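The values are calculated or read from the model by the stated rules, or taken from the named source; none is laboratory data. None of these values were measured; they are calculated from a predicted model. In this analysis, Cβ positions are derived from the backbone assuming ideal geometry, glycine residues included, and neighbour counts consider all displayed protein chains. Quick note on the areas: whole protein, heavy atoms, side chains included, nothing else; ligands and nucleic acids left out. Shrake-Rupley method; radii C 1.70, N 1.55, O 1.52, S 1.80 Å.
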Amino acid sequence: AQTVTQSQPEMSVQEAETVTLSCTYDTSENNYYLFWYKQPPSRQMILVIRQEAYKQQNATENRFSVNFQKAAKSFSLKISDSQLGDTAMYFCAFRTMNYGGSQGNLIFGKGTKLSVKP
Amino acid sequence: GAGVSQSPSNKVTEKGKDVELRCDPISGHTALYWYRQSLGQGLEFLIYFQGNSAPDKSGLPSDRFSAERTGGSVSTLTIQRTQQEDSAVYLCASSFLMNTEAFFGQGTRLTVV
């Protein structure tokens with residue numbers, strides 16, 4: 001079974017600084033997707049960034065980028081120029097590319113609570 | 001609709017009562033997911049649907065929990081004989097294909113008193 005581990009329950013960063021959130025996962029699959037979701041106090045889950053396992057290039061979305069290390073099964077999120085609005089819970093998630101059975105599940109880590117301080 | 005809609009937003013119920021939580025996915029989305037999130041915790045997978053069938057129900061915590069999906073659209077999560085430990089936010093998500101990102105509703109906050 002696939003598992004996702006986020007080892008940092010809480011983190012804080014000063015506004016305008018850079019912070020990296022860690023995520024590791026365990027799978028025997030070769031093809032899969034990885035995601036980072038953000039959940040602000042409003043409770044709405046928002047997709048931040050996604051990465052296809054077959055792509056070697058790390059995904060980037062504006063101030064958000066990932067460091068995807070497939071061999072190490074690591075998928076960290078880097079937030080540059082942190083803003084107060086980045087304060088939220090961040091969840092790492094995994095899904096295989098296969099159809100059917102339990103392989104379609106979107107498996108989440110337990111989350112990292114990020115606080116951006118002025 | 002424009003997004004995933006869940007109702008009610010909040011539900012307070014007495015211990016032992018049954019509750020139904022509704023999820024209206026984005027039109028055309030074939031996959032639908034239910035998660036439970038306790039206060040300050042991560043997302044606990046409950047069940048997912050591909051069309052009207054549920055390939056994986058392994059996350060349902062007990063036989064008091066059941067879910068159905070009709071017409072490949074709306075889904076209802078039913079909790080019978082609610083217990084205080086059922087108090088949580090229940091999140092629903094949908095996706096167009098199994099291999100794309102899921103979009104989430106705002107959740108239903110269930111409080112069992």
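Among the residues making up region B:27-63, those that are of a type in the set (A, V, I, L, M) and either in contact with a Pro (Cβ under 7 Å, 6 or more places away or on another chain) or in a strand (DSSP E or B) (or both) are B:Ala31, B:Leu32, B:Leu43, B:Leu46, B:Ile47, B:Ala54.
Checking each residue in region B:50-71 for being open to solvent by less than 40 Å² (accessible area, probe 1.4 Å), touching a Phe, Trp or Tyr at 6+ places or on another chain (Cβ under 8 Å) and over 24 Å from A:Thr112 (Cα atoms) picks out B:Ala54, B:Asp56, B:Ala67, B:Arg69.
Checked against the criterion of being within 11 Å of another protein chain (Cβ to nearest Cβ), in contact (Cβ under 8 Å) with a residue 12 or more places away in the chain and open to solvent by 10 Å² or more (accessible area, probe 1.4 Å), the candidates B:Val12, B:Val4, B:Val74 yield just one match: B:Val4. Of the listed requirements (1) among the charged types (D, E, K, R); (2) touching a residue at least 24 places away in the same chain (Cβ under 8 Å); (3) open to solvent by 30 Å² or more (accessible area, probe 1.4 Å); (4) within 12 Å of another protein chain (Cβ to nearest Cβ), A:Arg95 misses just one: (3).
Determine whether B:Thr100 is more than 22 Å from A:Phe91 (Cα to Cα), open to solvent by less than 60 Å² (accessible area, probe 1.4 Å), β-branched (Val, Ile, Thr) and in contact with a Lys or Arg (Cβ under 9 Å, 6 or more places away or on another chain).
Details: more than 22 Å from A:Phe91 (Cα to Cα): no; open to solvent by less than 60 Å² (accessible area, probe 1.4 Å): yes; β-branched (Val, Ile, Thr): yes; in contact with a Lys or Arg (Cβ under 9 Å, 6 or more places away or on another chain): yes.
No; evaluated as a whole, the condition is false for this residue.
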